[in-house]
1. Can you give me the distance in nm between label points at Gln212 and Ala239, each placed 7 Å from the Cα along the Cα-to-Cβ direction?
2. Run the reach check for Lys91 against lysines, Cα to Cα strictly under 30 Å, same-chain hits fewer than 8 apart removed. What comes back?
3. Starting at the first residue of region 170-187, write each ³J(HN,Hα) from the Karplus equation 6.51 cos²θ - 1.76 cosθ + 1.60 with θ = phi - 60°, in whole Hz, x for Gly and Pro.
4. Using the Cα centre of the chain as origin and beta-carbon charges of +1 (Lys, Arg) and -1 (Asp, Glu), tell me which of Gln212, Ala224, Ser270 is placed farthest towards the positive end of the dipole.
5. Calculate the tail of P(r) for the chain: the fraction of all Cα-Cα distances greater than 35 Å, expressed in %.
6. Summing Lys, Arg as +1 and Asp, Glu as -1, what charge do residues with Cβ under 10 Å from the Cβ of Ala133 carry, Ala133 excluded?
7. Can you compute the label reach from Val36? Point 7 Å from Cα along the Cβ direction, backbone N cut-off under 19 Å, restricted to region 89-133.
8. Scan around Asp81 for amide H atoms under 5 Å from its own, H built in the peptide plane at 1.01 Å from N, and keep only partners 5 or more places away or cross-chain.
Amino acid sequence: MNSRVVVVGSSNTDLVVRTARLPAPGETVTGREFAVHAGGKGANQAVAAARAGAKVTFVASISRDEFGDAAVARFEKAGIDTRWIVRDSAKPSGVALIFTDRQGENMIGVALGSNEDLEASHVAAAAAAIREAGCVVAQLEVPLAAVREAALLASGFGVPMLLNPAPATRLDPELLACLALLTPNRGELAMLTGRPTRHRSDIPEAARLLRQKGVGHVIATCGAEGVCWCSDFGARWFAAPRVEAVDTVGAGDCFSGALAAALARGDSMSEAIRFAATAAAICVTRNGAQPSMPRRREILGRLEPAC
Ligand code: RIB
């Protein structure tokens, strides 16, 4: 098993305001704290996978501005292979405006900027890295053509492709058929299938529709309710470790990155899900997306015994 994870995706700088509650449309809510954190779903997943023990290659489009330069320097410091990060976009690098409240809930608006300029050809240029990977990971903050190219290459090489379908959008059958793993949250699962997902029993039903279209494993992340793994063997729930959440930004990214790292290392699916759920539970106890991603040793130290 090759423990390298290739992540294809976005990088943002998160501008975060902490308020007592989230504002409603047209409303001003004041808060005291402001913070700038490294974010972006792709970059968060790349950092999560690297801290969880994988060798990581990141394929992205990040322009040469102050935020973009700082992001690339951070990836290099983290030991992430940045050779396939394209730096020639004329747009500013991605920025996310985020509100978080006292319950750990959040609202996010993203100016995609240079993330929008990631092309299929940029992904194709990294084909040799994809062929050698133990897992390829993508999300939906970059153009669908780039994600599709990654999925076609990965499935052509027999490398498992994990798509975290966030932010959710309709996915075509050709793309779905290339996916070994899909990691939606409840809302994304509802959006992808047009089915309700409010009750526990709704999750396997909705997942079945995606599996009928060729997705190998649907692993639905349901926050404090845990994770539902739907496969040929039916649906199996994994409890979420109990923690006091202070900030859930990046928790789904942490789950997908840690899951990919564990699978690329050769863990079984149930071991990998327990590892990733523990990583995500640690992540929500700290502020910020990338700063909250736990290291492998910390995750292993908090793993609860399997029941
Ligand atoms: O998933 C969390 C991420 O979504 C944030 O870091 C923000 O940048 C947005 O991309």
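The values are calculated or read from the model by the stated rules, or taken from the named source; none is laboratory data. Computed from a prediction, not measured in an experiment: that's the story for all the values here. Cβ: placed from backbone, ideal geometry, glycine included. Neighbour counts: every protein chain shown. The area values use the complete protein model at the heavy-atom level, side chains included, leaving out ligands, DNA and RNA. Shrake-Rupley method; radii C 1.70, N 1.55, O 1.52, S 1.80 Å.
1. 3.4
2. Lys41, Lys55, Lys77
3. Those phi angles translate into 4, 10, 7, x, 5, 5, 4, 5, 8, 8, 6, 9, 10, 10, x, 8, 4, x Hz.
4. Toward the positive end, the furthest listed residue is Ser270.
5. On the way: 5448 of 46971 pairs.
Roughly 12 percent, rounded to a whole number.
6. Numbers: positive: Arg4, Lys55, Arg131; negative: Glu132.
That sum, taken over residues with Cβ under 10 Å, equals +2.
7. 91-100, 109-115
8. Val56, Thr57, Phe58
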